[in-house]
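Have a look at the structure below, then the notes.
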Amino acid sequence: QIKTYRRCNIRWYWEKIEGHTTPPTKAMQLGTDVHTELETYLLGGAEPTNPIARAGLDRLPELANVQGVEARFRLQLPESPWPIVGVIDLVEPGRITDHKTTSNLRYMRSEEELRVDPQAIIYSAHALLNLWPEATEITFRHLYYLTRGKPRAEEAEITLTRDEVNEGLAAVVKTIHNMARDAGQEAL
């Protein structure tokens with residue numbers, strides 16, 4: 001929601017406050033299908049049959065190192081009027097991974113973009129506050145699965161320090177306050 005709000009607060013309001021929905025596109029459904037196969041595999045199930053999902057198997061950890069799959073969390077920051085909720089695709093020691101499907105690898109986020117990406121900041125904050133509170137840094141990556149042409153996978157990965165995460169959280173909380181104002185719920 002934070003990314004949507006930052007791109008277009010009117011669209012965010014229309015979708016999240018007024019409750020308008022749009023049906024998933026074929027690309028969105030393909031992404032869901034790939035995620036489902038990866039989730040099943042990482043939970044100790046069958047290897048993916050979809051060639052797109054299979055393309056990233058060599059970039060996934062050994063199943064013994066998987067600490068969480070589709071790990072739901074709720075992060076309540078004292079400065080935030082709303083809790084932050086999320087679902088992390090893959091948790092392994094010291095690293096958080098989010099699976100992304102894309103039709104073209106030019107859409108991969110650069111290291112600079114990931115450093116300020118709300119998802120990277122929020123997931124890393126959860127990891128540092130709740131999963132590994134003794135850690136001084138966390139690795140976050142997007143694992144991209146190419147959906148057009150020959151299937152392949154690439155990754156964009158960064159390591160964030162606790163100070164970088166805290167700085168990013170300040171910007172996230174500011175956005176959340178703006179969202180609360182625009183939703184007419186400033187007093188929460």
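Estimated purely from DSSP H runs of n ≥ 4, each contributing -39500 (n - 2.57), the mean residue ellipticity at 222 nm for the chain is -10000 deg cm²/dmol once divided by its residues.
Can you pull out the GluC sites (Glu not before Pro) in the stretch 108-153 that DSSP calls coil and that have at most 16 other Cβ atoms within 10 Å? The qualifying sites are 134.
Given springs between every Cα pair under 10 Å in a Gaussian network model of the chain, which of 102, 159, 49 has the largest fluctuation? Between 102, 159, 49, it is 49 that shows the largest mean-square fluctuation. Springs between alpha-carbon pairs under 10 angstrom, Gaussian network model over the chain: which of 82, 14, 132 fluctuates most? In this elastic network of the chain, the residue with the biggest mean-square fluctuation among 82, 14, 132 is 14. Farthest towards the positive end of the charge dipole of the stretch 27-130, among the residues 126, 31, 88, is the Cα of 126, using unit charges on the Cβ of Lys, Arg, Asp and Glu. A Cβ-based charge dipole, computed about the Cα centre of the chain with Lys and Arg at +1 and Asp and Glu at -1, lands at about 680 debye. In this structure the stretch 38-143 gives 48 Å² per residue of accessible area when probed at 1.4 Å with all protein chains present. If the chain linking residue 113 and residue 3 were pulled fully straight, counting 0.36 nm for each residue of separation and taking away their Cα-Cα distance, it would gain 38.4 nm. Ranking 66, 116, 52 by Cα position along the charge dipole of the chain, where only Lys, Arg, Asp and Glu carry charges on their C-beta atoms, puts 52 farthest toward the positive end.
Ranked by the mean number of other Cβ atoms within 10 Å of their residues, highest first, the peptides 21-27, 88-94 fall in the order 88-94, 21-27.
Return the label of the correct value of Cα extents along the principal axes in Å, as calculated from the structure shown, out of [x] 60, 44, 32; [y] 60, 48, 34; [z] 49, 42, 29. Evaluating Cα extents along the principal axes in Å on these atoms matches [z]. At a Förster radius of 25 Å, what calculated FRET efficiency corresponds to the Cβ-Cβ distance of residue 74 and residue 135, to the nearest 0.05? With a Förster radius of 25 Å, E is 0.80. With a 1.4 Å probe and every protein chain kept in, tell me what percent of the accessible surface of the chain is carbon plus sulfur. With neighbouring chains kept in place, the figure for the chain is 49 percent.
The values are calculated or read from the model by the stated rules, or taken from the named source; none is laboratory data. Treat the numbers as computed from the prediction; the structure is a model and nothing was measured. Every residue, glycine as well, gets a Cβ built from its backbone with ideal geometry; the counts of neighbours run over all protein chains shown. Quick note on the areas: whole protein, heavy atoms, side chains included, nothing else; ligands and nucleic acids left out. Shrake-Rupley method; radii C 1.70, N 1.55, O 1.52, S 1.80 Å.
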